[in-house]
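Structure, as structure tokens:
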Amino acid sequence: MNAIDVHDLTKVYGKKRAVDGLTFSVAPGKVTGFLGPNGSGKSTTLRLVLGLDRPTRGSATIAGKRYAGLGEPLRHVGAHLDPGGAHGSRTAHHHLRALAVANRLPARRVAEVLEETGLAPVARRRVKTFSLGMRQRLGIAAALLGDPAVLILDEPANGLDPEGIIWIRGALRRLAEEGRTVLVSSHLMAETAAFADHLVVLGGGRLLADLPIGEFLAERGTTRTRVRTPDAARLEAVLSAAGHRLVPADGESWTAEGVTAAEVGALAAREGVTLLALADEGATLEEAYLALTTASAEFTALPTPAQEV
């Protein structure tokens, strides 16, 4: 099975323990989001999985083998860690052609991945003229070149325009549905929520969570209800008496914190408060992620002080 298996993985740089006893697996057939604050050990872990660094202790294998032990690795693992990895004086076509020749891949794959990533019209342009989004697409094209069973992508949506973001979402879903193992590191919570089936979350070099995204949200989300009413003052008093808060959401609706729609409806009906709309509102991935990782973040901004009127 083409799983990524990390066992007791530890990396120490001098006095800093960048990765500390990590154990998790990334299974085929789904997209696994790899999350964590800056300094959490994500990049170090990816480098260890791909054999770009040596672990102090533990192991990281792909299909049961270390990356260095894979014959013709581009046929097994496609990785994109740095959008600046292609030489600026080469064209996109020449960059991919060189990779294909070095890995004994058929020349037709160059044209196929250029087409798949939307770069065919600019294939003969030099990479130094590319935008960040175009460089991202080129890196993804290189990762796909060997038609690998395992894909490891670091921030693939960074720099993409809206069309590109929609494209990468669909591409990740399709690759997973084909039975491939897909590991995607990202800081973009909304995007991760749009494509991920499973989450692995790091903090301070340690594993904080390893579970399906639905369970992650359910365990760490905040219960709340979106409500519209012509009598917000009465509804606020009713909810306050029951130990709940009602806060403005926008110009027309309110959010009842810590209570379900069924509970809000029952309280309003009992007190004769008119409701125009009522719906449970699930927690966002960003909220659940911050609730888990804020304490382990290496760098955090101070809250902006309120201005005096």
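For the range 12-46, the set of residues classified as of a type in the set (K, R) and either touching a residue at least 40 places away in the same chain (Cβ under 8 Å) or part of a strand (DSSP E or B) (or both) consists of K16, R17, K30, K42, listed by residue number. Kindly indicate the residue of the range 250-288 that is acidic (D, E) and under 26 Å from R220 (Cβ atoms) and also surrounded by the most Cβ atoms within 10 Å (Cβ to Cβ) among those meeting that condition. The residue in question is E281. Filtered by the rule that a residue be in a helix (DSSP H, G or I) and under 19 Å from R220 (Cβ atoms), the range 192-209 gives T192, A193, A194.
Using the structure shown, decide if L35 is within 17 Å of the chain's Cα centre (by Cα), surrounded by 24 or more Cβ atoms within 10 Å (Cβ to Cβ) and closer than 11 Å to L202 by Cβ. Against the criterion (within 17 Å of the chain's Cα centre (by Cα), surrounded by 24 or more Cβ atoms within 10 Å (Cβ to Cβ) and closer than 11 Å to L202 by Cβ), L35 qualifies.
Kindly check whether there is at least one residue in the range 180-198 that is more than 12 Å from the chain's Cα centre (by Cα) and either surrounded by 20 or more Cβ atoms within 10 Å (Cβ to Cβ) or in the same structural domain as T61 (by TED's automatic domain parsing) (or both). Checking the range 180-198: at least one residue is more than 12 Å from the chain's Cα centre (by Cα) and either surrounded by 20 or more Cβ atoms within 10 Å (Cβ to Cβ) or in the same structural domain as T61 (by TED's automatic domain parsing) (or both).
Return a yes/no flag: does the range 155-173 have any residue that is of a type in the set (S, T, N, Q) and either without any contact (Cβ under 8 Å) to a residue 40 or more places away in the chain or within 30 Å of T293 (Cβ to Cβ) (or both). Yes, that holds for at least one residue.
Restricting attention to the range 118-135, the residues that are surrounded by 18 or more Cβ atoms within 10 Å (Cβ to Cβ), in contact (Cβ under 8 Å) with a residue 40 or more places away in the chain and closer than 18 Å to R174 by Cβ total 0. Restricting the range 140-156 to residues that are within 15 Å of the chain's Cα centre (by Cα) and either part of a loop (DSSP other than H, G, I, E, B) or outside the structural domain of S43 (by TED's automatic domain parsing) (or both), the residue that is surrounded by the most Cβ atoms within 10 Å (Cβ to Cβ) is P156. Entry remark, the range 67-90: residues being closer than 11 Å to L145 by Cβ and surrounded by fewer than 17 Cβ atoms within 10 Å (Cβ to Cβ) number 1 in total. Could you list, in sequence order, all residues of the range 98-130 that are among the polar types (S, T, N, Q) and closer than 19 Å to W167 by Cα? Residue satisfying the conditions is T117 alone.
Being part of a helix (DSSP H, G or I) and of a type outside the set (V, I, T) is the filter here, so list the residues in the range 47-72 that pass it. If the condition is that a residue be part of a helix (DSSP H, G or I) and of a type outside the set (V, I, T), then R47, L48, Y67, A68, G69 are the ones that fit.
This table checks each residue for (1) within 21 Å of V150 (Cα to Cα); (2) surrounded by 19 or more Cβ atoms within 10 Å (Cβ to Cβ).
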site	(1), (2)
A3	yes, no
G21	no, no
L48	yes, yes
A92	no, yes
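The values are calculated or read from the model by the stated rules, or taken from the named source; none is laboratory data. No experiment lies behind these values; they were computed from the predicted model shown. Counting neighbours? That spans all protein chains shown, and the Cβs are built from the backbone with ideal geometry, glycine included.
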